[in-house]
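A short write-up of the structure that comes next.
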Amino acid sequence: MTEHELKIFAGPGNPDLAAAVADWLGVSLGKMHYSQFPDGENYVRFEESVRGADAYIIQPTCPPVDTNLIVLLEAIDALRRASTWRITPVMPYYGYARQEKKDAPREPITAKLIADIITTAGANRVMCLDLHADAIQGFFNIPVDHLTAVNLFTDYFGGKTRLLSCLRTKGELRRYDGSYRRLRLPWRWATNIILVTLRQR
């Protein structure tokens, strides 16, 4: 079986996170240059060979969403044109995730559009974290690794004596219901916000 070298690249969205991931894996960050032209256009170039590599580009599409999204797309395109074996964008924040359905006539489903663009750019699989809606995974025609940090939060807060959590929607309550059950936390509505009530041991 052919070995494909693991390469991790940091986009400008969260370079500190990318550095921490690379450090934990015991590899060095790959060399990727990012800059902007005077008119605001973004420019990406990989400064090392990526031919045959298993490349991960850590680039959340957090604010400024459009800039970070374009940089991600440019990086994917550059990797594809450089004969990378597999391209995996790692998106801890998926921009436009809240536009995953039509709430009114003549609206776009932008989360689906973003999935199509990422796939067209050349991604082979996608890694996301706690998507706004689980259904977004189905917007992709490539494999999606949907990770969650909920269990980490549950383990951490399980030893705390006083807790107060605020959720904005019943959908969020459904998503985290299992964690609240593990923590034995009751909940109630308060001015359109779900309050997971204070616990005192």
query: Regarding Tyr176, is this residue hydroxyl-bearing (Ser, Thr, Tyr), within 17 Å of the chain's Cα centre (by Cα) and either modelled with pLDDT of 60 or more or under 22 Å from Asn68 (Cα atoms) (or both)?
result: no
- prompt: Would you pick out the residues in the range 78-105 that are over 20 Å from Val144 (Cβ atoms) and outside any loop (DSSP other than H, G, I, E, B)?
  reply: Ala78, Arg81
- prompt: Take the residues of the range 108-129 that are part of a loop (DSSP other than H, G, I, E, B) and in contact (Cβ under 8 Å) with a residue 40 or more places away in the chain: which is surrounded by the fewest Cβ atoms within 10 Å (Cβ to Cβ)?
  reply: Gly122
task: May I ask you to verify whether Glu3 is part of a loop (DSSP other than H, G, I, E, B) and more than 20 Å from Phe139 (Cβ to Cβ)?
output: yes
- request: Look through the range 85-107, keep the residues that are crowded, with 18+ Cβ neighbours inside 10 Å and in contact with a Gly (Cβ under 8 Å, 6 or more places away or on another chain), and return whichever of them is modelled with the lowest pLDDT.
  value: Tyr93
message: Please verify whether Glu74 is loosely packed, with under 11 Cβ neighbours inside 10 Å, modelled with pLDDT of 95 or more and either assigned by TED's automatic domain parsing to the domain that holds Ala20 or over 18 Å from Cys62 (Cβ atoms) (or both), treating the condition exactly as stated.
response: no
Number of positions in the range 81-107 that are among the acidic types (Asp, Glu) and either under 30 Å from Glu48 (Cα atoms) or free of Cβ contacts under 8 Å to residues at least 24 places away in the same chain (or both): 2
- prompt: Restricting the range 130-169 to residues that are in a helix (DSSP H, G or I) and loosely packed, with under 11 Cβ neighbours inside 10 Å, which is modelled with the highest pLDDT?
  reply: Leu152
query: How many residues does the range 84-124 hold that are in contact with an Asp or Glu (Cβ under 7 Å, 6 or more places away or on another chain) and not small (Gly, Ala, Ser)?
result: 3
- request: With the condition kept exactly as written, say whether any residue in the range 38-51 is in the same structural domain as Ala75 (by TED's automatic domain parsing), of a type in the set (Asp, Glu), under 22 Å from the mean Cα position of the chain (by Cα) and modelled with pLDDT of 95 or more.
  value: no
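The values are calculated or read from the model by the stated rules, or taken from the named source; none is laboratory data. Fair warning: this is a prediction, and the values are worked out from it, not measured in the lab. Using ideal geometry, Cβ is built from the backbone for each residue, glycine included, and neighbour counts are taken over all protein chains shown.
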